[in-house]
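Engineer: Mind having a look at this structure? Questions to follow.
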Number of protein chains: 2
Amino acid sequence: MQEEEKVLMQCLFFTSNRFARNITKLAEKNFDFSDLAPSYFYMIMVIHGQPNITQKELCQKLSIAPSTSTRFIEKLVKQNLVRKQTSGKQTMISLTEDGEALYVAFRKGLKSLFEDYNEILGKELSMNLSLMLHEASQKLEKNN
Amino acid sequence: MQEEEKVLMQCLFFTSNRFARNITKLAEKNFDFSDLAPSYFYMIMVIHGQPNITQKELCQKLSIAPSTSTRFIEKLVKQNLVRKQTSGKQTMISLTEDGEALYVAFRKGLKSLFEDYNEILGKELSMNLSLMLHEASQKLEKNN
DNA sequence: CACTATCATTTGCATATACAAATATAAGGA
DNA sequence: TCCTTATATTTGTATATGCAAATGATAGTG
């Protein structure tokens, strides 16, 4: 094997971005009940779990930039899936009925996504990978 | 912990995208000797390792879509870092002198990126993660 | 009570990345 | 040799995502 290929296998920047692209494709297949990209569903899920969550908390839980959250919420409001309520500096977000309904559909899609990748990658690898990625993100984020 | 947070930890779509965002930030810091995003350097590296590589092979090695490779190469040509030569259907790519020079700088940046994340994540975790991500990508890609 | 510093959100702008359709080229069969 | 099919690249379009600057709002200090 060429030296360059070894680097591609060993570099976390490359391997993680490549993997993210691949798994995103799989996720899109499983979340085809709506025209939203997968990430939106994770936002919906977090709001479901904590109604009236502030935008800032949302950013933290999802590890996204504030501007990204503004754009996401904008789109979800336009589709009548979430509601925003400003209170001073902060903005609080909660799901509409349509949002709750979509959340239910999402749970099903999530289940089939899990089945899909457990099948392809094996349960062992899937589990370990996600836990390690979680741990690694925490370490990187603490280090900022 | 809320059930929703557990899902965020366990879902490979979420954990891998989150991690990719985090490590990309670190990579950008280490590749600040040029205005190119990290991904371009990996393309440059592959071309360095196999001059006159076809565009299609590049796509395969980097796991990117053909249209993405067109756009990347366009930009690199404009910056006089790579050269393209068409031969029939195919296009062959190689580095210019400037490209080779930038490759040398990139290797240094790569080294310091590795040091950075080995320090933050630990060597063990870093190694395991990248190998597992590589393995998992191969499995997902074979499954298409 | 005014003013300044701090904090949360939004806006402007840029970019990596993909899919689908269009185009260009080659290859193989009649 | 022409026509059809297959393959490689490009183009049009869309979108997630971020950074930096702008805005809006509070809170604490003199």
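Engineer: Name the residue, out of A:I120, A:I73, A:I23, whose mean-square fluctuation peaks in a Gaussian network model built on chain A with Cα pairs under 10 Å.
Structural biologist: A:I120
Engineer: So the label point sits 7 Å from Cα along the Cα-to-Cβ vector; using that for B:E4, what distances do you get to the other copies, in nanometres, sorted shortest first?
Structural biologist: Spacings between copies for this position, smallest first, are 4.6 nm.
Engineer: Counting residues in segment B:25-142 as N, plug N into 2.2 N^0.38 Å and put the Cα Rg over that result. Walk me through the numbers on the way to the answer.
Structural biologist: On the way: Rg = 15.4 Å, N = 118, 2.2 N^0.38 = 13.5 Å.
Against the empirical 2.2 N^0.38 Å value, I get 1.14 for segment B:25-142.
Engineer: Would you mind giving the total buried accessible surface between chains B and A, with a 1.4 Å probe and ligands, DNA and RNA left out, rounded to the nearest 100 Å²?
Structural biologist: Values: alone 10400 and 10380 Å², together 14770 Å².
Buried surface at the B/A interface: approximately 6000 Å².
Engineer: Only four residue types carry charge here, +1 at the Cβ of Lys and Arg and -1 at the Cβ of Asp and Glu. Report the dipole size of chain B about the Cα centre in Debye, rounded to the nearest 20. Intermediate results must be reported in sequence, preceding the final value.
Structural biologist: Details: 19 positive and 17 negative charges, 110 e Å.
The dipole magnitude comes to about 520 debye.
Engineer: Also, quick follow-up: To one decimal in nm, how far is B:K25 from the same spot in the other copies, if labels go 7 Å from Cα toward Cβ? Please give the shortest first.
Structural biologist: 2.9
Engineer: Right, next: Mind checking which lysines have their C-alpha under 24 Å from A:K6, skipping anything on the same chain fewer than 8 residues away?
Structural biologist: Hits, sequence-local ones excluded: B:K25, B:K29, B:K56, B:K61, B:K108, B:K111, B:K123, B:K139, B:K142.
Engineer: For the protein assembly as shown, what does the helix formula give at 222 nm: sum of -39500 (n - 2.57) over DSSP H segments with n ≥ 4, over the residue count, nearest 500 deg cm²/dmol?
Structural biologist: Details: 14 runs with 210 residues, N = 288.
Calculated mean residue ellipticity at 222 nm is -24000 deg cm²/dmol.
Engineer: Scan chain B for the residue whose Cβ is closest to the axis carrying it onto chain A, then write down that distance in whole angstrom.
Structural biologist: Spelled out as residue then distance in Å, it is B:A20, 2.
Engineer: Next question. Could you grab the relative contact order for chain A? Cα pairs under 8 Å, six or more apart, rounded to a whole percent.
Structural biologist: Reported relative contact order: 20 percent.
Engineer: When ligands, DNA and RNA are left out and all protein chains stay put, how many square angstrom of accessible area per residue does segment B:25-142 have with a 1.4 Å probe?
Structural biologist: On the way: 6300 Å² over 118 residues.
Computed with neighbouring chains in place, this is 53 Å² per residue.
Engineer: Can you tell me the Rg and Dmax of the protein assembly as shown, counting just the alpha carbons, in angstroms?
Structural biologist: Final numbers for Rg and Dmax: 20.5, 64 Å.
The values are calculated or read from the model by the stated rules, or taken from the named source; none is laboratory data. As the structure is a prediction and not an experimental result, all values here were calculated from the model. All Cβ positions, glycine included, derive from the backbone under ideal geometry; neighbour counts span all protein chains shown. Surface accessibility is based on the protein's heavy atoms, side chains included, excluding ligands, DNA and RNA. Shrake-Rupley method; radii C 1.70, N 1.55, O 1.52, S 1.80 Å.
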